[in-house]
Amino acid sequence: MTTPAATGNAHFLFRGPIEREFSMVSPSDKALSNKMWGGRFAEAPDAIMEEINASIGFDQRLYRQDIAGSKAHATMLEATGILTRDDRDAILSGLDQVLAEIEGGQFKFSRALEDIHMNVESRLREKIGDAAGRLHTARSRNDQVATDFRLYVRDYIDTLLGQIRSLQLALVTRAEEEAETILPGFTHLQNAQPVTFGHHLLAYVEMLGRDAGRLEDARKRLNENPLGSAALAGTPYPIDRHMTAAALGFDRPTANSLDAVSDRDFILETLAAAAICAMHLSRFAEEMVIWSSAQFGFIKLSDKFTTGSSIMPQKRNPDAAELVRAKIGRILGALNSLLVVMKGLPLAYSKDMQEDKEVAFDALDALSLSLAAMTGMVKDMQPNREKMHASASAGFSTATDVADWLVRELNIPFRDAHHITGQIVSLAEQKNCGLEGLTIEDFKLIDHRIDSRIHKVLTVEASVAARKSYGGTAPANVVEQAARWKSALTGETHVPRALKGRKHGTPGDGGVE
């Protein structure tokens with residue numbers, strides 16, 4: 001998804017050089033800071049005030065969005081006759097130079113100038129002189145930061161949507177490969193019924209689809225332009241807010257200036273969607289930790305996503321999965337933190353709202369990294385089909401198939417069939433065998449109506465193949481759903497892949513033997 005604003009990719013901006021470059025707080029910086037906003041004040045802020053007030057240490061990553069907003073604002077001011085064309089041209093040229101300096105690593109950020117807005121404006125003034133001072137006409141830092149932050153979150157949502165799609169495609173590809181692989185399906189982490197590994201992987205594709213939908217919804221609601229709301233009440237200048245909205249790729253300007261500068265619903269909603277997505281990733285990561293343990297041995301992760309022990313040479317620890325599992329703590333913490341910040345604020349802007357960005361940046365970075373790690377692990381994991389099959393066959397996992405057979409073939413009411421099946425399981429436990437190990441005489445000992453046809457439903461393969469209801473685990477369903485998702489994710493038509501009729505653990509099929 002692209003926008004006319006062309007504000008750039010928000011992904012991992014914190015890894016650039018810009019956050020490592022701070023100039024010393026010079027007397028001239030302090031004087032300039034006081035000049036830019038402090039005409040009422042006789043003295044510069046105390047050092048402690050400066051420390052708690054400055055946000056440049058984290059909001060500098062908004063530089064692309066800040067400059068894009070300023071260029072749109074300057075262009076609008078000239079179009080409405082508020083700026084001369086010469087001033088507009090000087091401002092646009094100067095902002096391009098400032099952008100080049102920041103992206104080239106030559107820009108020196110100053111804590112005395114507090115934030116990204118004043119750092120950019122100060123450097124612009126050094127480059128073009130008094131024309132820079134006219135840029136702030138008909139706007140405030142209140143609507144400026146609200147605009148920058150919306151643009152940034154919008155860019156980051158686009159990044160996350162692309163990452164979710166990549167993870168979904170990786171899962172769909174593996175689901176096609178494992179459409180016939182038998183896996184134990186659990187409830188209460190106890191063997192319940194056999195499923196296919198492909199069906200299990202597609203469950204996460206569905207979850208991620210909902211995650212993407214929530215982020216898309218958040219993006220739609222945030223896509224209104226606060227610029228021009230000024231400090232809180234609007235402006236007497238004859239500005240054209242629809243023009244700046246269009247220039248920045250917004251659908252429309254915000255309709256209420258008080259709401260525009262004090263609203264942070266857009267990041268709260270994004271963080272809520274991020275927390276749910278992280279929860280889904282955490283559930284999958286937990287399964288990877290379990291599956292890769294010696295006790296389960298369902299999958300193997302390579303050296304790319306595991307680490308060793310400093311004293312136990314045999315260890316292969318699923319650290320990447322464990323860290324993905326932990327990231328939700330940071331993301332949910334960011335959501336709670338911002339809710340607490342916002343809950344008691346009267347309209348309109350309060351300085352408390354400066355605390356919105358640091359936690360949001362950390363949370364979005366954590367989700368982005370988790371999505372990347374999970375995509376890598378999905379592509380990397382090697383299934384041990386023999387162990388999966390053996391585990392799926394244990395614990396009388398086809399007992400429900402026996403009950404269904406009694407209902408379907410002998411017309412026994414389900415509650416009675418459930419009771420009969422419980423007696424059959426009890427007999428198998430006494431004989432220390434699986435249901436498939438019982439003879440027809442054993443079955444008739446429980447109920448004389450049972451005949452030899454029952455043996456056809458006792459295998460795990462028969463169990464999964466029979467579950468052809470829409471949304472069920474049957475291999476035929478898996479390949480159909482995988483094709484549907486591939487078509488939806490790629491925009492191209494995909495037909496279901498032909499089933500291989502593969503037995504579990506066939507040598508040479510890519511599984512761990």
Taking segment 178-192 and the residues there that are among the aliphatic types (A, V, I, L, M) and assigned to a loop (DSSP other than H, G, I, E, B), the one that is modelled with the lowest pLDDT would be L189
Out of (1) closer than 19 Å to A465 by Cβ; (2) touching a residue at least 60 places away in the same chain (Cβ under 8 Å); (3) of a type outside the set (A, V, I, L, M, F, W, C), the odd one out for E409 is which? (2)
Which numbered condition trips up G105, out of (1) over 27 Å from A366 (Cα atoms); (2) out of contact with any Phe, Trp or Tyr (no Cβ under 7 Å at 6 or more places or on another chain); (3) surrounded by fewer than 19 Cβ atoms within 10 Å (Cβ to Cβ); (4) in contact (Cβ under 8 Å) with a residue 60 or more places away in the chain? (1)
Exactly one of (1) out of contact with any Asp or Glu (no Cβ under 6 Å at 6 or more places or on another chain); (2) part of a helix (DSSP H, G or I); (3) within 30 Å of A218 (Cα to Cα); (4) modelled with pLDDT of 95 or more is unmet by G129. Its number? (3)
Cβ-Cβ under 6 Å, sequence separation 6+ or interchain: first residue in segment 340-367 and modelled with pLDDT of 90 or more and in a helix (DSSP H, G or I), partner aromatic (F, W, Y) and surrounded by 15 or more Cβ atoms within 10 Å (Cβ to Cβ). Which pairs? K357/F58; E358/F58; L364/Y156
Of the candidates R415, R467, R453, R408, the one satisfying the condition of being over 47 Å from the mean Cα position of the chain (by Cα) and not hydrophobic (A, V, I, L, M, F, W, C) is R453
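Okay, residues lined up against (1) more than 30 Å from E216 (Cα to Cα); (2) in contact with a Phe, Trp or Tyr (Cβ under 7 Å, 6 or more places away or on another chain):
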{"site": "S55", "(1), (2)": "no, no"}
{"site": "R61", "(1), (2)": "no, yes"}
{"site": "D86", "(1), (2)": "yes, no"}
{"site": "S140", "(1), (2)": "no, no"}
{"site": "D148", "(1), (2)": "no, no"}
{"site": "V153", "(1), (2)": "no, yes"}
Consider R139 carefully, then state whether it is open to solvent by less than 10 Å² (accessible area, probe 1.4 Å) and among the basic types (K, R). no
Residue set I450, I420, I412; condition part of a helix (DSSP H, G or I), open to solvent by less than 20 Å² (accessible area, probe 1.4 Å) and aliphatic (A, V, I, L, M); output residue I420
Given (1) open to solvent by less than 10 Å² (accessible area, probe 1.4 Å); (2) closer than 30 Å to E206 by Cα; (3) not small (G, A, S), number of the condition V98 does not satisfy: (2)
State yes or no: is D115 more than 18 Å from M76 (Cβ to Cβ), under 34 Å from the mean Cα position of the chain (by Cα) and of a type outside the set (V, I, T)? yes
How many residues does segment 468-478 contain that are under 14 Å from P194 (Cα atoms) and surrounded by fewer than 19 Cβ atoms within 10 Å (Cβ to Cβ)? 2
Could you list all residues from segment 429-447 that are under 26 Å from T181 (Cα atoms) and open to solvent by less than 40 Å² (accessible area, probe 1.4 Å)? C433, G434, L435, L438
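The values are calculated or read from the model by the stated rules, or taken from the named source; none is laboratory data. On a predicted model such as this, the values are computed, not experimentally measured, just so you know. Cβ: placed from backbone, ideal geometry, glycine included. Neighbour counts: every protein chain shown. Remember, those area values only see protein heavy atoms, side chains included, never the ligands or the DNA or RNA. Shrake-Rupley method; radii C 1.70, N 1.55, O 1.52, S 1.80 Å.
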